[in-house]
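The values are calculated or read from the model by the stated rules, or taken from the named source; none is laboratory data. Quick caveat: nothing in here was measured; it's all calculated off a predicted structure. Glycine gets a Cβ as well: all are built from the backbone with ideal geometry, and neighbour counts include every protein chain shown.
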Amino acid sequence: RSLTETQLQSLPSLPASEEGFQPMPSITIRPPDDQHLPTANTCISRLYVPLYSSKQILKQKLLLAIKTKNFGFV
């Protein structure tokens, strides 16, 4: 694992309903794109990640999104 515990805790939080049900988190892979950050739809516990050309770019983009809190909504 290459992310620290603090970095993992900074990922978008996933909601729970009034009944305490929390949808199973999922990741949707987007078309190849090294320019854009990942996005998230926290209402349905989904993370959208472009297909990056390398693991290094994936890590850089995830860390930048965490740092800037720029996951946004899609």
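A few remarks follow.
- Extreme residue, modelled with the highest pLDDT, among residues of the range 50-66 that are out of contact with any strand residue (DSSP E or B) (no Cβ under 6 Å at 6 or more places or on another chain) and surrounded by 15 or more Cβ atoms within 10 Å (Cβ to Cβ): Tyr52
- Any hit, the range 23-42, residues being at pLDDT below 95, surrounded by fewer than 14 Cβ atoms within 10 Å (Cβ to Cβ) and touching a Cys at 6+ places or on another chain (Cβ under 8 Å): no
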